[in-house]
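Just below is one structure, and these are the notes that go with it.
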Amino acid sequence: EIVMKGTTAIMDYLRKVAKSKQSRALDLSCVGLWSFPPELARLKYLTVLSLTGNSIAELSPDVALLTSLVELSIADNNLKQVPVELCQLTNLTDLSLIDNELSSIPPEFGHLKLLKSLHLDNNDLKTPPQEVVMKGTSEVLAYLRRIMAARDSR
């Protein structure tokens, strides 16, 4: 995708990736991505990643390889679902999924013990329902844990 934007976009992308090694943060907001760049999965040192404002419709399970992530923003994209593998990011404290096309969040998100801030506004969520989302992150996580407990007790 970046290649189609020309040399300037390629160089900007490469500069951002190179700079991320020192800062441990990578901001690829509004760069025209349609998918999760597979090479990002190798940047295991990242603690902050922003993919906000792109056109990502599907998030690769490879995002789970970024085990050092503390903050992840995939806001303002076209995500229809979130891979359950995202739950392997056990260091996450802040996850933004605002302005996507999500109808559900995997119950396994309830396992994210350090998650303090889960932003789900402007999605068409059925699970968890909007009234739960409006109560905040701790209520959403508790709701997801109840779903897992009910499923596991069968």
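May I ask you to verify whether Arg146 is part of a loop (DSSP other than H, G, I, E, B) and more than 30 Å from Cys30 (Cα to Cα)? Let's see the steps before the verdict.
Details: part of a loop (DSSP other than H, G, I, E, B): no; more than 30 Å from Cys30 (Cα to Cα): yes.
The answer is no for Arg146.
Need the failing condition index for Leu89 against (1) of a type outside the set (S, T, N, Q); (2) open to solvent by less than 20 Å² (accessible area, probe 1.4 Å); (3) modelled with pLDDT under 95, just the number.
(3)
If you scan the stretch 109-126, which residues turn out to be surrounded by 16 or more Cβ atoms within 10 Å (Cβ to Cβ) and over 11 Å from Leu141 (Cβ atoms)? I'd like the intermediate steps shown before the answer.
Let us first name the residues in the stretch 109-126 that are surrounded by 16 or more Cβ atoms within 10 Å (Cβ to Cβ), namely 109-110, 112, 115, 118-120, 123, 125.
The answer is His119, Leu120, Asn123, Leu125.
Can you report the number of residues in the stretch 28-76 which are open to solvent by less than 10 Å² (accessible area, probe 1.4 Å), β-branched (Val, Ile, Thr) and either closer than 19 Å to Gln88 by Cα or at pLDDT below 90 (or both)?
The number of residues fulfilling the criteria is 2.
Cβ contacts < 8 Å: first residue surrounded by 13 or more Cβ atoms within 10 Å (Cβ to Cβ), restricted to the stretch 127-138; second residue acidic (Asp, Glu) and assigned to a loop (DSSP other than H, G, I, E, B), any location; separation 6+ or different chain. Result?
Val133/Asp121
In the stretch 41-51, how many are of a type outside the set (Lys, Arg) and either over 18 Å from Arg24 (Cβ atoms) or more than 11 Å from the chain's Cα centre (by Cα) (or both)?
The initial filter retains those residues of the stretch 41-51 that are of a type outside the set (Lys, Arg), namely 41, 43, 45-51.
Still in the list and also either over 18 Å from Arg24 (Cβ atoms) or more than 11 Å from the chain's Cα centre (by Cα) (or both): 41, 43, 45-47.
Counting residues in the stretch 41-51 that are of a type outside the set (Lys, Arg) and either over 18 Å from Arg24 (Cβ atoms) or more than 11 Å from the chain's Cα centre (by Cα) (or both) gives 5.
Can you tell me which of (1) of a type outside the set (A, V, I, L, M, F, W, C); (2) assigned to a helix (DSSP H, G or I); (3) modelled with pLDDT of 95 or more is the one Arg151 doesn't meet?
Checking Arg151 against (1) of a type outside the set (A, V, I, L, M, F, W, C); (2) assigned to a helix (DSSP H, G or I); (3) modelled with pLDDT of 95 or more, the one that fails is (3).
The values are calculated or read from the model by the stated rules, or taken from the named source; none is laboratory data. Predicted, not measured: the structure shown is a model, and the values here were computed from it. Here the Cβ is made from the backbone with ideal geometry for all residues, glycine too, and neighbour counts use every protein chain on show. With ligands, DNA and RNA removed, areas are computed over all heavy atoms of the protein, side chains included. Shrake-Rupley method; radii C 1.70, N 1.55, O 1.52, S 1.80 Å.
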